[in-house]
Each structure stands twice: as C-alpha cells, then as structure tokens.
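Remarks on the structure that follows.
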Amino acid sequence: MNDPFWIWQQPNWPHFSWQAELLAPLLRACTQAQGRLLGMLGAVGGDTEAQSSLDALLQNIVTSSAIEGEQLNVGSVRSSLARRLGLSEECRTTARSEGLAELLLDATSAHQQPLTLKRLYGWHCWLFPSDDNLLARPLRIGTLRGEEPMQVVSGRLDQPTVHFEAPPRAGLKQQLDDFLAWFESSRRGTSIDPLLRAGIAHFWFVTLHPFDDGNGRLTRALTDLALAQGEQQAIRFYAMSASILDDRAGYYRILEASQKDTLDITAWLQWFLGTLLKSLEQAIARIDRVLTKARFWQAHRSHALSAEQIKVLNRLLDGGESGFENGISAAQYQAVAKVSKATATRHLGDLLEKGCLNRLSGGGRSTRYQVNYAASVQGSEAT
C-alpha cells in the first residue's frame, strides 16, 4: 500500500497534533497584543469606534477577495457595511457588496450563534448572489460540491501541477458534520487555546474544501468567527485577511506543505500565529494613531486654526504613505493646503507659535516641520 500523500489520507485524520513548546512564544505574544488592543477600546469614543470597525471590516472583505485575485468595488462594499452599522455612506451598492457585508457581519456580530451546515449554506449564497453576472462558470450554490475531484492546479493543461486535492465527495457530508461538531464543542471547552482553535479551524475547513468555489473566503470568514468567539467581542479592529494578503505566496506555500505532511501541524500554526500577530500589531498602531490624534485636538481645542492648517495637521497626524512621516516642508504645505508661498510660511509660523508643530534640524529650503506630540501629552494631562 502506498504511503499517504495528502494529510486527509492519514489513518488518524483529522486528529491533529502540535508542539506546544514551539508555539508558546508566539501564542504569548498574540495574547498580549490581543489584550492590549481590546484594552484600548475603552479609550476610543463611540463614533471613532464605529468608524474604526467599519475600516477593519472593509479591509477584511476587500483583502480576502484580493487573495483570490478578485478586485472589489471598495465604495460599494463600504456603503453596504456602513448602512448595516448605522453610518452614512453615499454610494451605489450591488448584490455582490450586499452579500459580502451580510456574510462578514453575520460571522462576527452573530458570533454567539452556533455554526451549522444551514448557516454555511447561507454564507455561500451570500458569497454568490443569484443575480451576480461575474460567475465564470456554473456553480452549485448553497450546497456541497459535486462528485468530480476537487483540485488546485497550475501550469500547462497537458502538464498540470497539482498543489492540492480535497477529500472525495463520498463521505464529505460526514466529515463536515464532524468538523462542525468539533467547532461547537471546542468553543465551550478549555483544552484548546482560542487562538490555536482559530488556526486549526482554518486549516481543517480549507482542507475539506466542501464547496465548488469560495472555500478560501468562507474559511477566512469562519476564522473571523472563531476569533470573535474567543474574544467575546463582535467589534473588529483588525483584519487578518490583510496580513494574509501581504504574504499571499507564503500562505499558499505553507498550506500546500502542511496538506502534504503529517498530522503534526505545528508549522502551519506557527505561520498562522505569526500572521495574526502582524494583524494585531498593525491594528494597535492604527488605533494608537487615532487616540494620539484625539489627544492632539483636545490639547489644541482652544486655538483658532484655519481650514488649511487643520487639513495639513490631519494629514500629518494620520501618518502612512501620505502622512509626511519625515516632516513637511513649506513647499509641501503649500501644495497640500493649496495656498501661496507667503501664506504657507505664515501658517507654519503660526503653528509653531501655538505649539502645534516643531521645527526639525536644518534651515532654509530644507527646513521641515513635524507634529509636536509632547505638547499634546502635556495638554491632555492638564485637563
């Protein structure tokens, strides 16, 4: 008899094992970052919290589809999410964006509800709305895949490379039932850390590959559900799909290697926890910027500033690619604020005098300015 080639052919499938001592440092770092992020929630105001949650959900949907090579209409998806979150966003929606918003919000906001086969079928229908004209081929929607082999292949048609083959259709329903039973029982148990549970659920479900299409996106929604259950927190402030997209090649590489390996899935869980940690750290940095920005405006609430000054300060406070992380020059201020050179110089001098900005080293045309965060801290401590 040939040795098993796919992990689901192993005699003890799906009884996974892992080396806890190798996972402990990553698991500890993830737990600490998760606790820090959740602890920041109390300092975020209601409007800011809703907007940050909207941004994270939007990023999750868009990047999860991008992993599969699909580019979504961001404005349409944002509007579909905003309406459900009670926020005002004016943009035309589509059946596609409505379904994607419904799916992710059901996975996160309804995290206390059990995951059933009926619920999975509903997710699949939301993923592929009946009036969607973008389907490249007929699909079985809202039901399990057919009898033909389910393979992930690349390369020439006459010499394809098979990266993965899912378990056969015969017995798939029972395997999926077993997964759903484990997902529910492990949620209530204490033997598996919630973060490890999310990683196991991700790997197990994507290996079953129970549908004609959309298995990756449903897997990532299911992972969001598992994380929300572990946190007991429906509000999402991080998007793991974005970090997976950042290492898309690594994602597929570790899945392929693990699905051809033994039932010891330590390597997969290391990759999963490392990617989760990146997501949490990025969210912490983003929320920290939000809080820093709020403290800055609180400290300078008594200063009369022009609309142009406020616009430039917000750009600096928001950071990122368009945030002038190395400071802003008078010429850049002029371009952003759309004012004359003389006005830019006067505005910058005024912002220096009011303690909103610091002047960096250098002089003349090379003079640059950055936000005076120290004044913001002192101002907030005094209130």
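The values are calculated or read from the model by the stated rules, or taken from the named source; none is laboratory data. All figures in this text were calculated on a predicted structure; none of them were measured in a lab. Quick reminder, even Gly has a Cβ in these numbers, built from the backbone with ideal geometry, and neighbours come from all protein chains shown. What goes into the accessible areas is simple: the full protein's heavy atoms, side chains included, and nothing from ligands, DNA or RNA. Shrake-Rupley method; radii C 1.70, N 1.55, O 1.52, S 1.80 Å.
If you check Arg253 against the conditions, is it over 18 Å from Leu196 (Cα atoms), part of a helix (DSSP H, G or I) and either out of contact with any strand residue (DSSP E or B) (no Cβ under 9 Å at 6 or more places or on another chain) or outside the structural domain of Gln113 (by the TED database) (or both)?
Numbers: over 18 Å from Leu196 (Cα atoms): yes; part of a helix (DSSP H, G or I): yes; either out of contact with any strand residue (DSSP E or B) (no Cβ under 9 Å at 6 or more places or on another chain) or outside the structural domain of Gln113 (by the TED database) (or both): yes.
Spelling it out, Arg253 is indeed over 18 Å from Leu196 (Cα atoms), part of a helix (DSSP H, G or I) and either out of contact with any strand residue (DSSP E or B) (no Cβ under 9 Å at 6 or more places or on another chain) or outside the structural domain of Gln113 (by the TED database) (or both).
Considering Ala331, Ala304, the condition of being over 21 Å from Thr48 (Cβ atoms), assigned to a loop (DSSP other than H, G, I, E, B) and either over 28 Å from the mean Cα position of the chain (by Cα) or not assigned by the TED database to the domain that holds Val44 (or both) is satisfied by Ala304 alone. Would you check if there is a residue in region 101-112 being open to solvent by 60 Å² or more (accessible area, probe 1.4 Å) and outside any helix (DSSP H, G or I)? Yes: region 101-112 contains one or more residues that are open to solvent by 60 Å² or more (accessible area, probe 1.4 Å) and outside any helix (DSSP H, G or I).
Test Thr262 against the stated conditions and say whether it is in a loop (DSSP other than H, G, I, E, B) and open to solvent by 60 Å² or more (accessible area, probe 1.4 Å). Against the criterion (in a loop (DSSP other than H, G, I, E, B) and open to solvent by 60 Å² or more (accessible area, probe 1.4 Å)), Thr262 qualifies. Being over 18 Å from Pro114 (Cα atoms) and in contact with an Asp or Glu (Cβ under 6 Å, 6 or more places away or on another chain) is a condition met by at least one residue of region 168-175. Would you be able to say whether some residue in region 3-26 is closer than 17 Å to Pro194 by Cα and modelled with pLDDT under 90? Within region 3-26, not a single residue is closer than 17 Å to Pro194 by Cα and modelled with pLDDT under 90. The single residue among Val74, Val62 that is closer than 14 Å to Ala239 by Cβ, open to solvent by less than 60 Å² (accessible area, probe 1.4 Å) and at pLDDT 90 or above turns out to be Val62.
Conditions (1) surrounded by 15 or more Cβ atoms within 10 Å (Cβ to Cβ); (2) on the phi < 0 side of the Ramachandran plot, marked per residue:
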position	(1), (2)
His15	no, yes
Leu26	yes, yes
Val44	yes, yes
Ser52	yes, yes
Gly69	no, no
Gly86	no, no
Glu90	no, yes
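Here region 342-358 is the region considered, the condition is being open to solvent by 40 Å² or more (accessible area, probe 1.4 Å) and either free of Cβ contacts under 8 Å to residues at least 40 places away in the same chain or among the acidic types (Asp, Glu) (or both), and the residue that is farthest from Tyr369 (Cα to Cα) is Ala342. With respect to the stated conditions, Arg84 is among the basic types (Lys, Arg), touching a helix residue (DSSP H, G or I) at 6+ places or on another chain (Cβ under 6 Å) and free of Cβ contacts under 8 Å to residues at least 60 places away in the same chain. Annotation: Leu22 fulfils all but one of (1) open to solvent by 70 Å² or more (accessible area, probe 1.4 Å); (2) not acidic (Asp, Glu); (3) not in a helix (DSSP H, G or I); the unmet one is (3).
Taking region 323-341 as the range and being surrounded by 15 or more Cβ atoms within 10 Å (Cβ to Cβ) and farther than 18 Å from Asn358 by Cα as the test, the residues that pass are Val336, Ala337, Val339.
Which of the residues belonging to region 166-190 are closer than 26 Å to Glu256 by Cα and basic (Lys, Arg)?
Passing the criteria: Arg169, Lys173.
Any residue at all in region 194-214 that is closer than 29 Å to Thr48 by Cβ, open to solvent by 10 Å² or more (accessible area, probe 1.4 Å) and either touching a His at 6+ places or on another chain (Cβ under 8 Å) or of a type outside the set (A, V, I, L, M, F, W, C) (or both)? Checking region 194-214: at least one residue is closer than 29 Å to Thr48 by Cβ, open to solvent by 10 Å² or more (accessible area, probe 1.4 Å) and either touching a His at 6+ places or on another chain (Cβ under 8 Å) or of a type outside the set (A, V, I, L, M, F, W, C) (or both).
Are any of the residues in region 109-121 on the phi > 0 side of the Ramachandran plot and out of contact with any Leu (no Cβ under 8 Å at 6 or more places or on another chain)?
There is no residue in region 109-121 that is on the phi > 0 side of the Ramachandran plot and out of contact with any Leu (no Cβ under 8 Å at 6 or more places or on another chain).
Cβ-Cβ below 6 Å, separation at least six or inter-chain, first residue in region 281-300 and open to solvent by less than 50 Å² (accessible area, probe 1.4 Å) and aromatic (Phe, Trp, Tyr), second at pLDDT below 85 and in a helix (DSSP H, G or I): which pairs? Listed by first residue and then by second, the contacts come to Phe296/Ser376. Once region 153-185 is narrowed to residues that are part of a strand (DSSP E or B) and open to solvent by 60 Å² or more (accessible area, probe 1.4 Å), the residue that is nearest to Leu120 (Cα to Cα) is Val153.
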